[in-house]
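So the structure is just underneath, and the comments pick up after that.
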Amino acid sequence: MGCSSCSTNKSGVPKGCKSNGNCGTGSCGSGNKLAVFDWLSNMTLPTGEAPFNIYEVRFKNGRKHFYKSGEKKLSISMGDIVAVEGNPGHDIGVVSLAGELVKVQMKKRKVALDSPDVKKIYRKATQKDIDVWNTARDRELETQRKGREIISRLGLKMKLSDVEFQGDGNKATFYYTADDRVDFRQLIRDLASAFSIRVEMKQVGMRQEAARLGGIGSCGRELCCSTWLTDFRKVNTAAARYQQLSLNPLKLAGQCGKLKCCLNFELDSYLDALSHFPKQDVVLKTEKGDAIFVKMDIFKKLIWYTYKEEKFKWYKLSLEQVTEIIDLNENDELGSPLEDYEAEIAEETKIDFENVVGQDSLTRFDTPKKPKRNRNRNRKRNANQKKSGNNNPSNKKKNPNQKNTPKQGGQNNKSNKPSGQNQNKKNTNKQNPKQGQGQKQNQKQNQGQKQGQGQKQNSSPSNKKQNNQRRNKRRNSGNNNNAQKNKQ
């Protein structure tokens, strides 16, 4: 490797640059996107063999090309900034790989040694070249913003994802994505007149755009397409079906909007495991009836079946038991009921979390909290008690100016004492001795006893009529007594 910080001490302990997996200096190339570790860097070439004169040069967002040093023998190593041939002019890049390992990369990408795509390396970049390169890189964000404004003004159905300037600042490449073909001839004229540069439009796919922009995937790590994945293979929904995944586009799609590339990573292991399982359309014939497939657990080698007539109950069987039933059916024999096979499966005891050192349970936040119903019930009871206390006539204060006169219709008085005693006291003082005292006192005493016992009279229309009839009888009897006394 080209960085001295990655070497080892005398004791054999690696030094490292304390960057948590990436090169802090950037000279060894491991801190960049799509970096390749040169495991042949510490090996010397055989005697009489010249070093390989083709180098891999990296540009913005992991774009890489192969360049040869030409007739001049330049001492170039990984991490050097070089000026290479452009179209037109020259471009500035960083050497990402050198040596014999470049041959392997060229073979992998199917690039021939004498291909016209392999251009020349002019020289190592000078300080002036680096300054012009940095100023051109600083113009990219502003150019991208104005380019999007021009696209929206023209009404083109395309998305400008990135802009890359050439090292000499005379040319800019605009990367865009579009669903259909776009006529951008007027766009090129407007961009060239606005920025006074040569314009090149390059269309990229959704996955290439995500690889250029980068990001964090659902797994919590950086995207594979922007770190190490170079070829984009086709991903079908069949890969999700083989892995027993739900066909939810929100979970299966990546940041590019397409199916995730990682669905293909474990597909081979699933296909090898599924080769030992029977097909899902196979029907098991037992003594109790026919059983059909429900679901399976590939790595635990468990399959769930249910009867056609009793689908509410699922039976868990092992792979060996299912193959045994299938073999019996092929010999025109019926298998035992599924209940007998399910009882033979021995379930392993699961070791849960043990609170040995006084630690909290790991699943203490999984159970939902119970609603606080008791507090609400107590609050409602207190509120009802207060309302009933305010409406109770016995709790109301007695007005001292109010007279304790009996009400019509047999209604109870609102005093704490029996209303009958108060009526007796007042009536005895105000009553005329010439009137029928005996009959009225007896009647009022009977009324007072009934009211003192707490018996409430109903205020219905029938009871009012009866009370009025009783009053009329009392008045008539009193008038008759007075008339007899006057005659005497």
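Computed extension length for K107-E222: 38.7 nm, one decimal, from 0.36 nm per residue of separation with the Cα-Cα distance subtracted.
Projecting label points 7 angstrom from Cα along Cα→Cβ for R241 and A194 puts them 4.7 nm apart. The solvent-accessible area of T44, taken with every protein chain present and a 1.4 Å probe, is close to 130 Å².
In terms of the Cα gyration tensor, with a ≥ b ≥ c the square roots of its eigenvalues, is the range 91-172 rounded because a/c is under 1.5, prolate because a/b exceeds b/c, or oblate? Oblate shape, in that a/c is at least 1.5 and b/c is the bigger or equal ratio. Placing dummy labels 7 Å off each Cα toward the beta-carbon, the span from D114 to D180 is 4.7 nm. Taking each of K68/K234; K73/K119; K146/K171; K110/K171; K68/K108; K73/K171 in turn, the alpha-carbon distance tops 25 angstrom for K68/K234; K110/K171; K73/K171.
Since only I121, I188, V102 are under comparison, the one whose Cα sits farthest along the positive direction of the charge dipole of the range 90-195, derived from C-beta charges on Lys, Arg, Asp and Glu, is V102.
May I ask you to give the percent of accessible area on the range 48-114 that is carbon plus sulfur, with a probe radius of 1.4 Å? Walk me through the numbers on the way to the answer.
On the way: 1770 of 3470 Å².
The value for the range 48-114 is 51 percent carbon and sulfur by accessible area.
The loop-placed chymotrypsin sites (Phe, Trp or Tyr not before Pro) in the range 288-343, going by DSSP, that have at most 12 neighbouring Cβ atoms within 10 Å of their Cβ come out as F299, F312.
Can you give the FRET efficiency for N331 and H276, using 1/(1 + (r/R0)^6), R0 = 22 Å, r = Cβ-Cβ distance, to the nearest 0.05? My answer for the efficiency is 0.55. Karplus-based coupling profile of the range 249-259, in residue order and whole Hz: x, 5, 8, 8, 8, x, 6, 7, x, 9, 5, with θ = phi - 60° in 6.51 cos²θ - 1.76 cosθ + 1.60 and x standing for Gly or Pro.
Pair-distance distribution of the range 125-246: all C-alpha pairs, bin width 10 Å, starting at 0; shares per bin in whole percent are 11, 32, 30, 18, 7, 2. Our summary gives the range 117-219 a relative contact order of 23 percent, counting only alpha carbon pairs under 8 angstrom and 6 or more residues apart.
Taking every pair of alpha-carbon atoms in the range 152-224, give the share separated by more than 16 Å as a whole percent. If you can, show how the numbers build up before the last one.
Values: 1487 of 2628 pairs.
Here the long-distance tail beyond 16 Å is 57 percent of all Cα pairs in the range 152-224.
Residue ranking by accessible heavy-atom surface, 1.4 Å probe, largest first, among H276, H90, H65 comes out as H276, H65, H90.
The values are calculated or read from the model by the stated rules, or taken from the named source; none is laboratory data. Remember, predicted model here, so these are calculated numbers, not experimental data. We place every Cβ from the backbone using ideal geometry, glycine too, and count neighbours over all the protein chains shown. Ligands, DNA and RNA are stripped out before the accessible areas are found, and what is left, the full protein with its side chains, is counted by its heavy atoms. Shrake-Rupley method; radii C 1.70, N 1.55, O 1.52, S 1.80 Å.
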